[in-house]
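> Starting off with a structure, shown below.
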Amino acid sequence: MIIAMGVAVLILAGIVHIITLSIRNTTFARTQAEATRYAKDAVEWLKKEKDKGWSVFQTNAQLPSGGAPSTKYFCFTADPLALPWPSEALRCVTSDDDDKISGTQFWREVKFAQKDATTVDVLVTITWEGSAGKHSSTISTKLTNWREQ
């Protein structure tokens with residue numbers, strides 16, 4: 001009888017452990033999907049900003065005109081993304097809640113790497129803290145001044 005109870009307790013503990021892992025994985029997948037959506041939204045918004053005019057885009061991204069190689073980081077906290085751009089090119093501080101996307105658990109950082117006069121590589125990184133530490137979802141794209149090519 002005691003052995004049967006011990007086996008039953010072990011089986012129940014195993015079931016509880018599996019359920020806990022399943023819930024944790026589901027929560028992570030849902031959070032990662034939401035982070036990816038924020039990254040996609042940023043890429044689409046930046047494409048629209050670029051299509052308004054290359055020189056305006058370079059000015060807003062604080063990149064030098066003429067195409068000199070340059071790298072800038074911005075922390076976009078507004079949701080939805082809107083003008084004006086952040087006034088300073090600064091990285092997100094992932095220990096600062098003020099750098100989070102408004103009303104969320106996410107930080108949205110955009111890296112602009114100007115390669116030449118008509119090409120800027122963009123890396124959008126959404127970071128969040130979960131039960132297992134910091135996680136991120138990243139999307140990269142290349143924006144070009146196709147009108148000049």
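> Condition test on residue 31, is it of a type in the set (Ser, Thr, Tyr), over 26 Å from residue 120 (Cβ atoms), surrounded by 13 or more Cβ atoms within 10 Å (Cβ to Cβ) and touching a residue at least 60 places away in the same chain (Cβ under 8 Å)?
Yes; evaluated as a whole, the condition is true for this residue.
> Restricting attention to segment 29-44, which residues are of a type in the set (A, V, I, L, M, F, W, C), more than 17 Å from residue 141 (Cα to Cα) and at pLDDT 95 or above? I'd like the intermediate steps shown before the answer.
Here is the first cut: in segment 29-44, the ones of a type in the set (A, V, I, L, M, F, W, C) are 29, 33, 35, 39, 42-43.
The next check asks that each one be more than 17 Å from residue 141 (Cα to Cα); those that pass are 29, 33.
Scanning segment 29-44 gives a single hit, 33.
> How many residues are closer than 30 Å to residue 23 by Cβ, in a strand (DSSP E or B) and either among the polar types (S, T, N, Q) or in contact with a strand residue (DSSP E or B) (Cβ under 9 Å, 6 or more places away or on another chain) (or both) when one looks only at segment 123-149?
Qualifying residue count, segment 123-149: 12.
> With the requirement that a residue be assigned to a loop (DSSP other than H, G, I, E, B) and either free of Cβ contacts under 8 Å to residues at least 12 places away in the same chain or closer than 11 Å to residue 38 by Cβ (or both), what does segment 103-122 give you?
Answer for segment 103-122, where residues must be assigned to a loop (DSSP other than H, G, I, E, B) and either free of Cβ contacts under 8 Å to residues at least 12 places away in the same chain or closer than 11 Å to residue 38 by Cβ (or both): 104, 105, 106.
So that you can scan it fast, the table gives a plain yes or no per residue for (1) assigned to a loop (DSSP other than H, G, I, E, B); (2) modelled with pLDDT under 90; (3) buried (at least 16 other Cβ atoms within 10 Å of the Cβ):
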site: 12; (1), (2), (3): no, yes, no
site: 20; (1), (2), (3): no, yes, no
site: 27; (1), (2), (3): no, yes, no
site: 46; (1), (2), (3): no, no, yes
site: 74; (1), (2), (3): no, no, yes
site: 90; (1), (2), (3): yes, yes, no
site: 98; (1), (2), (3): no, no, no
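The values are calculated or read from the model by the stated rules, or taken from the named source; none is laboratory data. Computed from a prediction, not measured in an experiment: that's the story for all the values here. Please note: Cβ atoms are built from the backbone with ideal geometry, for glycine as well, and neighbour counts cover all protein chains shown.
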